[in-house]
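Contents: one structure, followed by commentary.
The values are calculated or read from the model by the stated rules, or taken from the named source; none is laboratory data. All values reported here derive from a predicted model rather than from experimental measurement. Don't worry about glycine lacking a Cβ; one is built from the backbone with ideal geometry, like all the others, and counts go over all protein chains shown. Surface accessibility is based on the protein's heavy atoms, side chains included, excluding ligands, DNA and RNA. Shrake-Rupley method; radii C 1.70, N 1.55, O 1.52, S 1.80 Å.
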Amino acid sequence: MRQRVEAPAPSGDSPARDRRPRPVCAPEVPEPVRRRLLAGGTDPATVLLTTIVAVLFGIGGLAILLSGARPSGASPVFGVVAGDGGLLVALAAGLVAVRGAVSQRRERAAEVAGVLLGRRRLAALAAADPPATTLLAAAQQAIDAIRAGSDILDEPSLRRIEWAVATAAGDCGADPARHAALADEVRRLERWGATGPAPSGTGPSLAALSDELDRAGLAVTELRRLTGTERERTD
């Protein structure tokens, strides 16, 4: 019988289960691209709504300008103002729709390339594996505590750690054993968030943990590859 693994409650006022994990970029993503990807794209419903508004106001504005229709007794200027106003609204809505569509396409391309755990994949992970999602949120809260409390900020290592944890959460596959292993790393991050990891020297460091998590991720990938190869040979 499978046992559900609950995420350890992080330090702070609100428990991790009240938080949603944020999108995560791979550490090798350049900073300008990272900022655009993590800024949060336009919601698909907003893109659809603005597209509809652009079409409706565009058609309405053109119809008024071309036909010259206006209410009885209205000034001829009314048609020009109403038509131009409709076209301006259509243009503004169209720009928002295009910008949102480009943002969504950029986010999806980054997800396909394997350098982004974006909103769509986080939503899918939350639906398929709630414990892993809770653990990821707890890890991100611990990372934020380390980032806020560290005198010597090792941002590259923190980004590598967050990406490694996010990748591990996505690879849990609702497996209790993987949940338990990820929970151990989250607890370690939380302890470091409370006490502060050693930035260098003989003590444990963020760089050492990020290297360790990277090696663990490579080992899991290699094991999956070998397991898949063996399965192909026996089929």
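Restricting attention to segment 121-133, and to residues there that are crowded, with 16+ Cβ neighbours inside 10 Å and in contact with a Lys or Arg (Cβ under 9 Å, 6 or more places away or on another chain), which single residue is nearest to Arg35 (Cα to Cα)? Ranking the candidates gives Leu122 first. Screening Thr42 on (1) modelled with pLDDT of 65 or more; (2) in a helix (DSSP H, G or I) shows it passes everything except condition (2). Every condition in (1) open to solvent by 30 Å² or more (accessible area, probe 1.4 Å); (2) without any contact (Cβ under 8 Å) to a residue 24 or more places away in the chain is met by Leu91 except one, and the failing one is (2). Of all the residues in segment 100-121, those that are among the hydrophobic types (A, V, I, L, M, F, W, C) and under 12 Å from the mean Cα position of the chain (by Cα) number 4.
Taking Ile161 as the residue in question, decide whether it is open to solvent by less than 50 Å² (accessible area, probe 1.4 Å), in contact with a Phe, Trp or Tyr (Cβ under 6 Å, 6 or more places away or on another chain) and either assigned to a helix (DSSP H, G or I) or modelled with pLDDT under 85 (or both). Judged against the criteria, Ile161 is not a match.
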